[in-house]
1. Please find, among Asp355, Asp251, the residue that is in contact with a Gly (Cβ under 9 Å, 6 or more places away or on another chain), over 19 Å from Leu136 (Cβ atoms), surrounded by 13 or more Cβ atoms within 10 Å (Cβ to Cβ) and not hydrophobic (A, V, I, L, M, F, W, C).
2. Quickly run through region 135-152 and pick out the residues that are of a type in the set (Asp, Glu) and either more than 11 Å from the chain's Cα centre (by Cα) or not assigned by TED's automatic domain parsing to the domain that holds Gln123 (or both).
3. Quick check, is Cys67 more than 30 Å from Lys358 (Cβ to Cβ), within 14 Å of the ligand (Cβ to nearest atom), open to solvent by less than 20 Å² (accessible area, probe 1.4 Å) and not assigned by TED's automatic domain parsing to the domain that holds Val288?
4. Just give me the residues in region 117-142 being part of a helix (DSSP H, G or I), open to solvent by 10 Å² or more (accessible area, probe 1.4 Å) and closer than 20 Å to Gly182 by Cβ, in sequence order.
5. From the list Ala241, Ala323, Ala261, which one is farther than 25 Å from Val134 by Cβ, at pLDDT 95 or above and of a type in the set (A, V, I, L, M)?
6. Working only within region 200-217, note down all residues that are touching a strand residue (DSSP E or B) at 6+ places or on another chain (Cβ under 8 Å) and either within 20 Å of Lys229 (Cα to Cα) or surrounded by fewer than 24 Cβ atoms within 10 Å (Cβ to Cβ) (or both).
7. Out of the residues in region 144-153 meeting the condition of being closer than 20 Å to Leu66 by Cβ and open to solvent by 50 Å² or more (accessible area, probe 1.4 Å), tell me which one is nearest to the ligand (Cβ to nearest atom).
8. In region 2-30, which residues are loosely packed, with under 14 Cβ neighbours inside 10 Å and either of a type in the set (D, E, K, R) or part of a strand (DSSP E or B) (or both)?
Amino acid sequence: MIKFLDVQQLNARFESAFKAEFSKFLNTGQCILGNKLLQFEKEFAEYCGAKHCVGVASGLDAITLLCKGYIELGKLKLGDEVLVPANTYIASILGVINAGLIPVFIDPANDSFNISAENIEKQISSKSKMILAVHLYGELAEMKGINVLAKKHGLLVIEDAAQAHGAVDVNGIKAGNLSDGGAFSFYPSKNLGALGDGGAITTNDSALFKVIMKLRNYGVSEKYKNDIKGVNSRLDELQAAFLSIKLKQLDADNSKRRVIAKHYFEQINNDKITFPNYNVSDSHVFHVFVIRCKNRSMLQQYLLKNGIQTVIHYPIPPHKQKALKEYSYLKLPITEQIHEEVLSLPISPIQTIKDTEKIVSILNKF
Ligand SMILES: Cc1ncc(COP(=O)(O)O)c(C=O)c1O
């Protein structure tokens, strides 16, 4: 069986380095908010090209805390509207809602999985205060157009970069540094994944950074002095130490993902399959390789019968989830169609050429 993703094998590459860090960790007794977190925050900010990084407990918290940070600074207020992609993982939407803001769902451009400036502009109202761009599946959203639009209308822009660690635009600027603030997830299956939950915020805004540093730790400015109503959302020392080890491998891993993606683009030859957009640049880090097929469930079963595991990202759009039933009346035809047709093929930095060739050959016979 070719697994969709083998997290155990992905991490096995770092086993001895992890064990060495774990031994050091046991000797320090510092579990929370110590030097390992500071070090990782510095490294990840540098990697993204941003001034600041705050390690938090998850990608969802990273989005929520970015929003709450702007509320604390008075740049947003409860009930303000945030323009969000309808085609995304539900966490993007929940992050906005958790902060007391209102999501306005935008259908993607016809030929893309991501939102376009053109589609966002149609839905801007006097209540709109921010755009949340999502680099879905690892592909940068159209940030240039989105930032121009935001400037024109006086909107903030944040990025959900949970699936796009290391994606770079044409000017060499990385995900997380293409807006006012970036939110990352280090969920174990991500391109940069921890050995548990984790997340981070990147920003060049020093006031935002300072307020989020407080928010993630009960609103504390100094021990037992609470300035604002914060939460407990801190990236563990141990996870930060593991992430520092894995960060060194991130660019090489993303390159390996692109090699597999390129192989799929060049070798899959089947009219029933539609490819994702790709401009052959480093703006896509192929967190997942998502094809479309009208007979998706038949294709998925066929692949499974032939020893290939696939995943659907995602089967139900956020506005059709029971949890968000207040939005179920919305008609978002492109999003709804995407959810009927998408299928993610195996892709990872440790996938062998032999497995990739087998996947291609089986797909070509469907
Ligand atoms: C696009 C997107 N946003 C946000 C998240 C939330 O991240 P986490 O699971 O770390 O909370 C995820 C991953 O789960 C994601 O894929």
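The values are calculated or read from the model by the stated rules, or taken from the named source; none is laboratory data. None of the values given here were measured: they were computed from a predicted structure. With ideal geometry, Cβ positions are generated from the backbone for all residues, glycine too; neighbour counts draw on all protein chains shown. These area figures cover heavy atoms from the full protein model, side chains too; ligands, DNA and RNA do not enter into them. Shrake-Rupley method; radii C 1.70, N 1.55, O 1.52, S 1.80 Å.
1. Among Asp355, Asp251, only Asp251 is in contact with a Gly (Cβ under 9 Å, 6 or more places away or on another chain), over 19 Å from Leu136 (Cβ atoms), surrounded by 13 or more Cβ atoms within 10 Å (Cβ to Cβ) and not hydrophobic (A, V, I, L, M, F, W, C).
2. The one that is of a type in the set (Asp, Glu) and either more than 11 Å from the chain's Cα centre (by Cα) or not assigned by TED's automatic domain parsing to the domain that holds Gln123 (or both): Glu142.
3. It is true that Cys67 is more than 30 Å from Lys358 (Cβ to Cβ), within 14 Å of the ligand (Cβ to nearest atom), open to solvent by less than 20 Å² (accessible area, probe 1.4 Å) and not assigned by TED's automatic domain parsing to the domain that holds Val288.
4. Ala117
5. Testing whether each residue is farther than 25 Å from Val134 by Cβ, at pLDDT 95 or above and of a type in the set (A, V, I, L, M) leaves just Ala241.
6. Result: Ala200, Ile201, Asn204, Asp205, Ser206, Leu208, Phe209, Ile212, Met213, Lys214, Arg216, Asn217.
7. Of everything passing the filter in region 144-153, Asn147 is nearest to the ligand (Cβ to nearest atom).
8. If the condition is that a residue be loosely packed, with under 14 Cβ neighbours inside 10 Å and either of a type in the set (D, E, K, R) or part of a strand (DSSP E or B) (or both), then Glu15, Lys19, Lys24 are the ones that fit.
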